[in-house]
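The structure appears right after this line, and notes come after that.
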Amino acid sequence: MQITPLSPRAASEALDKLRRLRPLVHCLTNDVVQEITANVLLAAGASPAMVVAEEEAPYFAGIAGALLVNVGTPVPERLRSMQLSAQAAREKHVPWVLDPVAAGVIPWRDSEIRKLIALHPTVIRGNASEILALAGAGKGGKGVDSTDSSASAVNAAVELARSTGSVVCVTGETDYATDGERVLSVSGGNVMTTLVVGTGCSLSALTAAFCAAEKDPVTAAVSACALAKRAAFIAGKNAKGPGSFHDEYLDALYSIQPQDFLGESL
């Protein structure tokens with residue numbers, strides 16, 4: 001299948017839509033990454049919320065601009081909130097993103113991820129090992145870390161998109177998003193993102209924000225990746241190490257403007 005780089009104009013327009021809408025993103029995410037997830041959304045131009053009780057989370061999902069479900073630290077009570085919220089989002093036509101953290105590593109976790117996939121996420125965003133495992137082509141990575149390249153998971157992403165009806169976004173050195181018929185890509189970034197906890201998880205939240213603003217979920221997903229990669233590239237030029245990279249990354253997300261993508265190769 002032909003892979004097409006995201007056009008600079010599409011990235012510019014998607015970010016412009018996000019900044020004008022400032023979508024409310026309901027994040028049901030893991031305990032490790034809540035702060036960076038909220039800060040990434042705020043810096044990029046969205047508004048985060050984290051309502052977790054099953055008595056109110058589904059209602060909130062139905063009125064939000066988008067929903068993120070991240071299974072990084074699953075417990076039964078949180079999983080019930082996730083399932084009910086995903087169902088509410090589906091019923092209210094609210095886009096939602098599933099981050100299948102560590103798919104392929106633990107059978108119980110995999111069964112819970114499958115239940116969420118059955119609720120038809122708008123986008124499944126994962127690393128290569130997670131996507132390969134969900135497609136039945138791999139056994140997962142090293143805990144939450146990928147041991148496979150994103151390029152090696154493109155075909156699996158296409159098959160997973162076709163079998164689930166969801167857009168699948170696989171991230172790594174190059175990021176790809178596919179609906180099973182077309183594949184868009186974006187390159188760049190900085191390897192130091194792998195040394196800061198939550199950059200991947202917060203990317204899934206950023207993907208949800210873009211899905212709230214951009215009608216085409218393939219373009220939305222890869223535009224979120226484009227923003228993250230550009231911010232990581234800028235941060236890497238100024239950072240002395242992972243600590244300063246974290247701060248530089250947030251500052252770059254805030255400072256990047258839609259027009260900055262024009263004339264760039266993605």
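Name the pairs: first residue in the stretch 10-22 and within 15 Å of Asp216 (Cα to Cα), second residue open to solvent by 90 Å² or more (accessible area, probe 1.4 Å) and modelled with pLDDT of 95 or more, Cβ to Cβ under 8 Å, at least 6 apart or on different chains?
That search, which allows pairs on different chains as well, returns Ser12/Gln259.
Return the residues of the stretch 227-257 that are of a type in the set (Lys, Arg) and either within 17 Å of Ser166 (Cα to Cα) or in a helix (DSSP H, G or I) (or both); say none if nothing qualifies.
Answer for the stretch 227-257, where residues must be of a type in the set (Lys, Arg) and either within 17 Å of Ser166 (Cα to Cα) or in a helix (DSSP H, G or I) (or both): Lys229, Arg230, Lys237.
Take the stretch 68-98 and flag every residue that is of a type in the set (Asp, Glu) and either under 20 Å from Leu203 (Cα atoms) or touching a residue at least 40 places away in the same chain (Cβ under 8 Å) (or both).
The answer is none; no residue qualifies.
Looking only at the stretch 7-41, count how many residues are part of a helix (DSSP H, G or I) and over 30 Å from Glu55 (Cα atoms).
Here the count works out to 12.
How many residues are over 26 Å from Val71 (Cβ atoms), open to solvent by 40 Å² or more (accessible area, probe 1.4 Å) and among the aliphatic types (A, V, I, L, M) when one looks only at the stretch 11-54?
Of the residues in that region, 1 qualify.
Between a first residue in the stretch 254-266 that is in contact (Cβ under 8 Å) with a residue 40 or more places away in the chain and surrounded by 18 or more Cβ atoms within 10 Å (Cβ to Cβ) and a second residue that is among the basic types (Lys, Arg) and outside any loop (DSSP other than H, G, I, E, B), which pairs have beta carbons less than 8 Å apart while being 6 or more apart in sequence or on different chains?
Ile256/Arg230; Pro258/Arg19; Phe261/Arg9; Phe261/Arg230
For a quick check of your reading of the model, give me the residue pairs whose first member lies in the stretch 41-67 and is in contact (Cβ under 8 Å) with a residue 24 or more places away in the chain, whose second is among the basic types (Lys, Arg) and assigned to a helix (DSSP H, G or I), with beta-carbon atoms closer than 7 Å and at least 6 apart or on different chains.
Qualifying pairs under 7 Å: Gly45/Arg19; Val52/Arg78; Glu54/Arg80.
Out of the helices (runs of 4 or more DSSP H) lying entirely within the stretch 120-226, which hold 3 or more residues that are touching a residue at least 40 places away in the same chain (Cβ under 8 Å), buried (at least 19 other Cβ atoms within 10 Å of the Cβ) and in contact with a Leu (Cβ under 7 Å, 6 or more places away or on another chain)?
Passing ranges, in order: 199-213.
Looking only at the stretch 73-95, count every residue that is over 19 Å from Ile63 (Cα atoms) and open to solvent by less than 10 Å² (accessible area, probe 1.4 Å) and tell me the total.
The number of residues fulfilling the criteria is 1.
What's the number of the condition Ile106 fails, among (1) on the phi < 0 side of the Ramachandran plot; (2) out of contact with any strand residue (DSSP E or B) (no Cβ under 9 Å at 6 or more places or on another chain); (3) at pLDDT 95 or above; (4) surrounded by fewer than 20 Cβ atoms within 10 Å (Cβ to Cβ)?
So Ile106 meets the others, but not (3).
Looking at Asn238 and the list (1) modelled with pLDDT of 95 or more; (2) surrounded by fewer than 23 Cβ atoms within 10 Å (Cβ to Cβ), which single condition is not satisfied?
(1)
Among the residues of the stretch 220-235, count how many are closer than 11 Å to Tyr249 by Cβ and in contact with a Phe, Trp or Tyr (Cβ under 7 Å, 6 or more places away or on another chain).
Qualifying residue count for the region: 3.
May I ask you to verify whether Ala61 is touching a His at 6+ places or on another chain (Cβ under 6 Å), surrounded by 18 or more Cβ atoms within 10 Å (Cβ to Cβ) and assigned to a helix (DSSP H, G or I)?
So Ala61 passes the test.
The values are calculated or read from the model by the stated rules, or taken from the named source; none is laboratory data. The shown structure was predicted, so the numbers you read here are calculated from the model rather than taken from an experiment. All Cβ positions, even for glycine, are placed from backbone atoms using ideal geometry, and neighbour counts span all protein chains on display. Heads up: the accessible areas ignore ligands, DNA and RNA and are worked out on the full protein's heavy atoms, side chains in. Shrake-Rupley method; radii C 1.70, N 1.55, O 1.52, S 1.80 Å.
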